[in-house]
Amino acid sequence: DIELSTAGVGYVNGKLFLGQRKTINGALTIGRIIALDAQSGDSLWGFETNNGGFSWIPPIIEEGVVYAGTYLGNPSRVFALDAENGEMIWERPGFSTYQMITNEHRIYVNTQGSLQAIEKSNGEIAWSVTFESSGTANIVYLEGYVYHVRNSELVIVQDSTGKVVHREPVPDGTFFWHVAASSDKIFAQTSRQLIAYQPWHLRN
């Protein structure tokens, strides 16, 4: 049995879900998700894939489904698994997962070179935005819009259409590192400051 390192951990209803990885050689990174009883530590199930390892992004567990994505695979994939038994519900190949969030209906994945919106029900791609440069920063969703910081700009995407409605340049000549949201503000951290923006849905 190959020992894998644990990168991201999710928890719900007394269960731990561990995302793991191991690089066998330069061309093959394998991944595994293990479900454990949080009190006893007993293993409940395991899911393994040769399509990359599960990164530091914790598995997301919602309504009995585990959502997780691999990276360094050929090709990497996003998976939806049954949280009770680890059986695969669907898989979406084609890109690596560097950041991932969900809302009620969709999963949003920063692949480093693009932003993908995936339907939670079946793994189909709802829309995709491709970028000229790479970036591994995070994503937030608020009231119909997806906010994504990519180095020198904050990108705002309308979720219903996948259209980029605005690009906000970093104001201090440095980089955006993180984005967060409250009910009425978007917060973006640069190398030098924290900035509060009015959300796009309140600007009209």
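In the set (1) of a type outside the set (A, V, I, L, M, F, W, C); (2) open to solvent by less than 60 Å² (accessible area, probe 1.4 Å); (3) at pLDDT below 95, the condition left unmet by GLY19 is number (3). The strands (runs of 3 or more DSSP E) found entirely in segment 23-111 that carry 1 or more residues being among the hydroxyl-bearing types (Ser, Thr, Tyr) and modelled with pLDDT of 95 or more are 43-49, 65-71, 99-102, 106-110.
Considering segment 129-151, and only residues there that are of a type in the set (Ser, Thr, Tyr) and open to solvent by less than 60 Å² (accessible area, probe 1.4 Å), the residue that is nearest to GLN193 (Cα to Cα) turns out to be TYR147.
For segment 152-181: of the residues being within 18 Å of the chain's Cα centre (by Cα) and in a loop (DSSP other than H, G, I, E, B), which is surrounded by the fewest Cβ atoms within 10 Å (Cβ to Cβ)? Here the residue is GLY162.
Out of the residues in segment 29-52 meeting the condition of being open to solvent by 60 Å² or more (accessible area, probe 1.4 Å) and not polar (S, T, N, Q), tell me which one is nearest to ALA83 (Cα to Cα).
Looking at residues that are open to solvent by 60 Å² or more (accessible area, probe 1.4 Å) and not polar (S, T, N, Q), I get LEU44.
The set of residues in segment 132-151 that are touching a residue at least 12 places away in the same chain (Cβ under 8 Å), part of a loop (DSSP other than H, G, I, E, B) and not small (Gly, Ala, Ser) comprises THR136, ASN138, GLU143.
Looking at the structure I just gave you, is ASN122 of a type in the set (S, T, N, Q) and either within 19 Å of PHE176 (Cα to Cα) or modelled with pLDDT under 95 (or both)? Considered against the rule, which asks whether it is of a type in the set (S, T, N, Q) and either within 19 Å of PHE176 (Cα to Cα) or modelled with pLDDT under 95 (or both), ASN122 comes out as no.
The values are calculated or read from the model by the stated rules, or taken from the named source; none is laboratory data. These numbers come from a predicted model, not from an experiment. Neighbour counts run over all protein chains shown; Cβ positions are idealised from the backbone, glycine included. Note: areas computed on protein heavy atoms with side chains; ligands, DNA, RNA excluded. Shrake-Rupley method; radii C 1.70, N 1.55, O 1.52, S 1.80 Å.
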